[in-house]
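Below is one structure, written out as structure tokens; the observations come after it.
The values are calculated or read from the model by the stated rules, or taken from the named source; none is laboratory data. Because the structure is a prediction, the values reported are computed rather than measured. No Cβ is skipped: glycine too gets one built from the backbone with ideal geometry, and neighbour counts run over all protein chains shown.
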Amino acid sequence: MRLGATGLVAAVAVTAAFAGRATAPPALPASATVSEVKDGDTLVVETGGKPLTVRLIGIDTPEERHPEAEPQYLAAEAHTELARLVGGRTVTLVADPGAGEDRYGRALAYVETPDGRDAGAVLIEAGLARAFERYDYARKARYRGLEAAARAAGRGVWQEGGLAELRWIVASGRGAIEVHAMTGGRFAVVVDGWARAGVKGRSRARDERGSLDDAIWEAHRALGAKRHDPSRALEILAAAGFVPLSAPAPVPATPAPPERPVAPPPPSRRGS
């Protein structure tokens, strides 16, 4: 089984964009002008003459410039759509109870367009974003419903049940992660000449290291990091228990001892 470096791997584990949320909402301006759209779910607004980076809360768009992910399917389209909705415009920023900044120092907020539309909801409806599942937020139920509708309609990343993305990955010649079944219900994960064998197919404890999804996720990180820093990719693989996969040198066969010559039978003495 071969898994593309993006797409199917992403179904195993979604990026933790909201890790490290603050316990109180930030002091957000009621409205601000968008000066830059960085990607499908991040933008910069000007407030009080100072830039403020805002991460749209509750959505996850395909990665475009992540340091540990290759550019993903429809990432550019998500970026373009958010820029069309809010680029250069004055938007409304709505905080969420309990959500402040993410681990990158970006303010978490809902972003509403001048005509009152929820930008995050628009992206989900178009199939250009997924509803974020890891944390609770006020609009989660609505976002999940919009995602289900987009999936049923086959929009965006949900085209052909995901096969459109897989075809795009294969056509792009991306690196692939191979999964091979082993004895005892274990698996081997192979990526870029490195392998981790004897991996459990299922983990009994939450976030248990050594399960198949953990190995695939680390392989995915390494493939993404390789684009920016090959040495970092090797560090990721080594730390995750991968080892170089190379055939052992053949052991020369020990030559067999020469056979002892067989003595001819004695001459017959008939008639003696």
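The condition of being surrounded by fewer than 18 Cβ atoms within 10 Å (Cβ to Cβ), more than 24 Å from A238 (Cα to Cα) and in the same structural domain as L56 (by TED's automatic domain parsing) holds for only one of A171, A153, A131, that being A153. When L52, L43 are screened for being more than 16 Å from the chain's Cα centre (by Cα), in a strand (DSSP E or B), more than 30 Å from G161 (Cα to Cα) and of a type outside the set (S, T, N, Q), only L52 passes.
Within the stretch 88-108, identify whether any single residue is out of contact with any strand residue (DSSP E or B) (no Cβ under 8 Å at 6 or more places or on another chain), at pLDDT 95 or above and over 25 Å from A164 (Cα atoms), and answer yes or no. No, the stretch 88-108 contains no residue that is out of contact with any strand residue (DSSP E or B) (no Cβ under 8 Å at 6 or more places or on another chain), at pLDDT 95 or above and over 25 Å from A164 (Cα atoms).
Collect the residues in the stretch 55-69 that are in a loop (DSSP other than H, G, I, E, B) and surrounded by 22 or more Cβ atoms within 10 Å (Cβ to Cβ), keeping them in residue-number order. It would help to see each step written out before you state the result.
Step one: list which residues in the stretch 55-69 are in a loop (DSSP other than H, G, I, E, B), which gives 57-58, 61-69.
Listed by number, the residues that qualify are I57, G58, T61, P62, E63, A69.
Can you find even one residue in the stretch 71-84 that is without any contact (Cβ under 8 Å) to a residue 60 or more places away in the chain, over 30 Å from V170 (Cβ atoms), not in a strand (DSSP E or B) and not polar (S, T, N, Q)? No, every residue in the stretch 71-84 fails to be without any contact (Cβ under 8 Å) to a residue 60 or more places away in the chain, over 30 Å from V170 (Cβ atoms), not in a strand (DSSP E or B) and not polar (S, T, N, Q).
Aliphatic (A, V, I, L, M), more than 19 Å from E63 (Cα to Cα), part of a helix (DSSP H, G or I) and free of Cβ contacts under 8 Å to residues at least 24 places away in the same chain, is that true of A188? Even if it seems obvious, please write down each step before you answer.
Working: aliphatic (A, V, I, L, M): yes; more than 19 Å from E63 (Cα to Cα): yes; part of a helix (DSSP H, G or I): no; free of Cβ contacts under 8 Å to residues at least 24 places away in the same chain: yes.
Spelling it out, it is not the case that A188 is aliphatic (A, V, I, L, M), more than 19 Å from E63 (Cα to Cα), part of a helix (DSSP H, G or I) and free of Cβ contacts under 8 Å to residues at least 24 places away in the same chain.
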